[in-house]
1. Which one, 166, 131, 110, has the greatest fluctuation when you compute a Gaussian network model over the chain with C-alpha springs under 10 angstrom?
2. Cα-Cα over 28 Å: which of 43/187; 9/117; 132/191?
3. Cross-link candidates for residue 13: which aspartates and glutamates have Cα within less than 15 Å, leaving aside residues fewer than 8 places away along the same chain?
4. Given H placed on each backbone N at 1.01 Å, which residues far from residue 91 in sequence or on other chains put an amide H within less than 5 Å of it?
5. Around residue 52, with a cut-off of 13 angstrom between Cβ atoms, what is the net charge of the other residues, counting Lys and Arg +1 and Asp and Glu -1?
6. Could you pull out the trypsin sites (Lys or Arg not before Pro) across the range 70-119 that fall in loop regions by DSSP (anything but H, G, I, E, B) with no more than 15 other Cβ atoms inside 10 Å?
7. Sketch the reach of a paramagnetic label on residue 71 as a point 7 Å from Cα along Cα-to-Cβ, and name the residues of the range 6-26 whose backbone nitrogen lies under 17 Å away.
8. How large is the helix-only mean residue ellipticity at 222 nm for the chain, computed as the sum of -39500 (n - 2.57) over DSSP H runs with n ≥ 4, divided by its residue count, in deg cm²/dmol to the nearest 500?
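Derivation of every value follows stated rules applied to the coordinates shown; laboratory data play no part. This is a predicted model, so every value here is computed, not measured. In this analysis, Cβ positions are derived from the backbone assuming ideal geometry, glycine residues included, and neighbour counts consider all displayed protein chains.
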Amino acid sequence: MDFMIVRTKGLKKYYRLGNNIVKALDGVDFAVKEREFVSIIGKSGSGKSTLLHMLGALDTPTAGEVYVDGRRLSDMNREQLAVFRRRRVGFIFQNYNLVPDLNVYENVVLPIELDGKRVDKKFVHGILELLKIEEKMEALPGMLSGGQQQRVAIARAVAARPSIILADEPTGNLDSASGHDVMGLLKVAAKQFQQTVILITHDNDIAQMADRIVHIEDGKIVGDGGGAALKKAGDGYAGE
Ligand SMILES: Nc1ncnc2c1ncn2[C@@H]1O[C@H](COP(=O)(O)OP(=O)(O)O)[C@@H](O)[C@H]1O
Ligand SMILES: [Mg+2]
């Protein structure tokens, strides 16, 4: 049996806006296998970011449950959730979120240092090399292109060795060529370090690069399946 590293049950997130209720998530049940690369696709406002925030314990649901690694997030206290976010999950955002006055290397190792861990320099260099950014190690983020900045953000997410990477429109600010480039490198890195990736996008081409595509509409999952695993049967994660 495949181990489901992430699972949601009846997940809901409602926001009150004046007299109206916005149902950002309206009963989401889905599961992700360990080491799977899943993209979640949907239009703007369909609830993608809200879902990602619930999975990463950045926000709490109105109803329903999130299980990660067999643990129920609602059973964890504030401190346990902080540790969960720091150790188990790596976030990648559309706007890279790099610290502007730290250089590339310093940005990448920052979460490891904040966690009080020793930095394995060789390991970090290997990641920078894998992501083709090692020559920019001493550059400040402002000197880099968007694609390069996002590769730094990927390196940072990967370097702390979380089991799960959550990416919110990581190619949203990139042109099509560097978007594909970034996706390819994220796939390679995640595979190399055996990480599970959940990536949200509104771009169908980008979504197609995943093992599996989940469609979300008005806070509900309306389709689940397809992606690279189907396109090249026998060559995806499915048989591993
Ligand atoms: N903090 C909030 N307060 C009120 N409404 C919100 C809040 N966050 C998101 N929403 C609403 O929830 C819906 C889903 O938002 P979101 O998850 O950001 O969608 P997506 O990422 O797919 O564009 C939208 O209608 C949005 O306006
Ligand atoms: Mg969003």
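1. Sorting by GNM fluctuation, first place goes to 110.
2. Beyond 28 Å: 9/117.
3. Partners found: 26, 29, 59, 65, 217, 218.
4. 166
5. Neighbour charge sum, excluding residue 52 itself: 0.
6. 117, 118
7. Inside the label zone: 6-8.
8. Result for the chain, helices only: -9500 deg cm²/dmol.
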